[in-house]
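Novice: Structure provided below as structure tokens; questions to follow.
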Amino acid sequence: MAGSVEHAEHAPFPVAARTALADTQLRRNLGRATHAIRIKRAAVVSEMPDWEALREAGRALKERVLRHLDHYLVELEQSVQRAGGNVHWARDADECNRIVADLAVSHGVTDVVKVKSLTTEETELNEALAQRGISAVETDLAQLIIQLSHDTPSHILVPAIHRNRAEIRELFMRTLQEAPADLSDDPRRLAMVAREHLRRRFMSAKVAISGANFAVAQTGTVAVVESEGNGRMCTTLPHVLITVMGIEKVLPTWQDVEVFLQLLPRSSTAERMNPYTSLWTGVTAFDGPQEFHLVLLDNGRSNALADPVGRQALNCIRCSACLNVCPVYERTGGHAYGSVYPGPIGAILTPMLKGLDEAGTLPFASSLCGACAEVCPVKIEIPRVLVHLRHQVAEHKSRRAPERVTMQALARVFADRRLYEAAQRSGRVAQWPLARSGKITRLPGALGGWTSARDLPALPAQTFREWWRERHRGEPA
Ligand code: SF4
């Protein structure tokens, strides 16, 4: 269904995570990849004496943008139009896809080339284009792997992180006519085959579609950062360029870009500088695309903006540092989240974009260890937003939901000393058949989930208050 952050009917996180955990190959691929990138990131970040100041600048800039989003978006529209571009506004995924498809159809094309874009994954643009008879060719290597295998991305930056090179070789042998019979799983040879396959598409494409990392309100300049040069080809060779951008990506001035061009590469690919940074402003006669369209997408972002705690999720620059340090993501991978935004950022962004009915289990997909907030280059307080959303999920549930009833009963017991002490005495009696050597290893019924992975300390024979009263009996209170 277009208009969905999820790609299809998806099991809730706890169910999907269990399936992912049973896949040992997946866990090995993920563990190896996230471990390597974590170490590299830490090394390049430690080289920067002003890293904390940069993070603070990034946070402050993003928050200013959110406070004055209406102003900066109108300024951006005017700047792009002044530079010869066209601006379209899309309330939701369907509207966005319709605008892009209409533009492609109006140029009579049956295929378009694409730069990797999470925003178009979010709107399911490729599927919508296919319905209009247009095939979208993904030109980022990892995204091409995902497309050829009819898979969905499992990482923001490395969409095929769950695939190893033997699997990719097998895929290329099966799907690409350019793959020679003696193709090995050497990464360089695999890349050369993909390069040959894509080059023909670049040379013949009349229309390209990209996302955007940033757009500058002051000048109308749009920026795409990438590592392979495919983005540069897409944004320079075709006659028409269509860029789909979430409304939160706008920056006030040209100078602000420098902060993010330092924060992003070190946090994402652990590089000091991004290999390809493409910037364009409207159209330039006889140079690059001669027709430029910028589609500004809301798709739930205004709702997120209305949440005073959760709105900081819109500060995200999609670096994926939080995924690479997350112990939950490292074990389950991205598919378990059922969203194009996996990991810690997905656990907060997806419920706000899609609503709690559809993504209400995601705020619980975290141990709240806080590693994500420590690495986030724009200082998003992910654990705080997770707790905030968990509160909303609890409020959202029926008043008779078992968890809610239990918590209300516990609150009454904890608020009354006599009730609390009576509960302790009852608990000591009730635990008698379960406690062994000072611990309870298995609780009965629905409570069994608590002890499935840990022991519960048994209640002691005497509480501190009882001990105190016994020793001080007869003394004045
Ligand atoms: S939440 Fe922060 S660390 Fe995670 S992807 Fe976004 S910017 Fe990067």
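None of the figures in this text is laboratory data; all of them are computed from the coordinates on show. None of these values were measured; they are calculated from a predicted model. Using ideal geometry, Cβ is built from the backbone for each residue, glycine included, and neighbour counts are taken over all protein chains shown.
Novice: Run the helix sum for the chain: -39,500 (n - 2.57) per DSSP H stretch of 4+ residues, divided by residue count, reported at 222 nm to the nearest 500 deg cm²/dmol. Please list the in-between numbers first.
Specialist: Details: 23 runs with 237 residues, N = 477.
Rounded to the nearest 500, it is -14500 deg cm²/dmol.
Novice: How many percent of all Cα-Cα pairs in the chain sit more than 28 Å apart?
Specialist: Across the chain, Cα pairs with separations above 28 Å total 58 percent.
Novice: For P457, what charge total do you get from the other residues with a beta carbon under 15 Å from its beta carbon, if Lys and Arg give +1 and Asp and Glu give -1?
Specialist: On the way: positive: R428, R436, K439, R442, R454; negative: D455.
Here the count lands on +4.
Novice: For a quick check of your reading of the filter: which trypsin sites (Lys or Arg not before Pro) in the range 208-288 sit in a DSSP loop and have no more than 16 other Cβ atoms within 10 Å?
Specialist: On the way: sites: R232, K249, R266, R272; in loops: R272.
Listed in order of number, the matching sites are R272.
Novice: Specify the inter-centroid distance of the range 405-453 and the range 271-298, based on alpha-carbon positions, in whole Å.
Specialist: The range 405-453 and the range 271-298 have Cα centres spaced 61 Å from each other.
Novice: Please give the FRET efficiency for A53 paired with D307, using the beta carbon to beta carbon distance and R0 = 25 Å, rounded to the nearest 0.05. Walk me through the numbers on the way to the answer.
Specialist: Values: r = 28 Å, r/R0 = 1.12.
My answer for the efficiency is 0.35.
Novice: Here's something else I'd like to know. What is the sum of charges around M203, taking Lys and Arg as +1, Asp and Glu as -1, for the other residues whose C-beta is under 15 Å from the C-beta of M203?
Specialist: Working: positive: R195, R199, R200, R201, K206, R232; negative: D111, E178, E196.
It works out to a net charge of +3.
Novice: Ranked from highest to lowest mean number of other Cβ atoms within 10 Å per residue, what is the order of the peptides 258-264, 462-468?
Specialist: Working: 258-264: 20.0, 462-468: 12.1.
So the order, starting with the most tightly packed, is 258-264, 462-468.
Novice: Sticking with this one: Could you check the spin-label model distance between H239 and R384? Points 7 Å from the Cα along Cα→Cβ, value in nm.
Specialist: 5.2 nm
Novice: Follow-up. Given H placed 1.01 Å from N in the peptide plane, which residues other than close sequence neighbours of L294 have an amide H under 5 Å from its amide H?
Specialist: N86, V87, H88, T243
Novice: Using the alpha-carbon atoms, what tilt in degrees (0 to 90, nearest 10) does helix 417-430 show relative to the longest principal axis of the chain?
Specialist: Orientation of helix 417-430: about 90 degrees from the principal axis.
Novice: What does the highest-first list of 339-351, 85-97 look like by mean Cβ count within 10 Å? Before the final figure, lay out each step's value.
Specialist: Working: 339-351: 28.5, 85-97: 19.3.
Top of the packing list down: 339-351, 85-97.
Novice: Let me ask you something else. Take the Cα pairs of the range 373-472, get the Kirkwood Rh, then feed it into Stokes-Einstein at 37 °C and 0.692 mPa s and tell me D in µm²/s. Mind dumping the intermediate values first?
Specialist: Values: Rh = 17.0 Å.
For these conditions, the coefficient is 193 µm²/s.
Novice: Also, quick follow-up: With +1 on each Lys and Arg Cβ and -1 on each Asp and Glu Cβ, and nothing else charged, work out how big the dipole of the chain is about its Cα centre, in Debye to the nearest 20. Before the final figure, lay out the partial values.
Specialist: Details: 58 positive and 53 negative charges, 450 e Å.
Computed about the Cα centre, the dipole is about 2160 debye.
Novice: Moving on. Report, to the nearest 10°, how far helix 187-204 tilts away from the longest principal axis of the Cα atoms in the chain, using its own Cα long axis and a range of 0 to 90°.
Specialist: Around 50 degrees separate the two axes.
Novice: Through the Karplus equation 6.51 cos²θ - 1.76 cosθ + 1.60, θ set to phi - 60°, convert the phi angles of the range 154-166 into ³J(HN,Hα) values in whole Hz; use x for Gly and Pro.
Specialist: 10, 8, 4, 9, 10, x, 9, 4, 7, 9, 9, 6, 5
Novice: Continuing with the same structure: Beyond 30 Å between alpha-carbons counts as too far, so tell me which of K62/K206; K116/K379; K354/K379; K114/K354; K62/K114 fall in that bin.
Specialist: Values: K62/K206 35 Å; K116/K379 25 Å; K354/K379 23 Å; K114/K354 25 Å; K62/K114 27 Å.
Over 30 Å apart, Cα to Cα: K62/K206.
Novice: With both bridge residues required to lie in the range 2-301, what share of the DSSP beta bridges run antiparallel, to the nearest 5%? Write out the running numbers ahead of the final one.
Specialist: On the way: 9 of 33 bridges.
In the range 2-301, approximately 25 percent of DSSP beta bridges are antiparallel ones.
Novice: A further question follows. Mind ordering 47-58, 70-81, 202-213, 100-111 by average Cβ neighbours within 10 Å, highest first?
Specialist: 202-213, 70-81, 100-111, 47-58
Novice: Using only Cα atoms, tell me the angle between helix 24-46 and the longest principal axis of the chain; keep it within 0 to 90° and round to the nearest 10.
Specialist: 80 degrees
Novice: Find the relative contact order for the range 321-395 and round it to a whole percent, using C-alpha pairs within less than 8 Å whose residues are 6+ positions apart. Write out the running numbers ahead of the final one.
Specialist: Values: 88 pairs, mean separation 22.6, N = 75.
About 30 percent, as a whole number.
Novice: Along the Cα→Cβ direction, 7 angstrom out, place labels at R82 and K40. What is the inter-label distance in nm?
Specialist: In this crude label model, R82 to K40 measures out at 4.0 nm.
Novice: Which one, I168, S135, A60, projects farthest toward the positive side of the charge dipole computed for the range 54-187 from Cβ point charges (K/R +1, D/E -1)?
Specialist: The listed residue farthest towards the positive side: A60.
Novice: Tell me which of S46, P383, A313 sits at the most positive position along the dipole axis of the chain, charges placed on C-beta atoms (Lys, Arg +1; Asp, Glu -1).
Specialist: The one lying farthest along the dipole's positive direction is P383.
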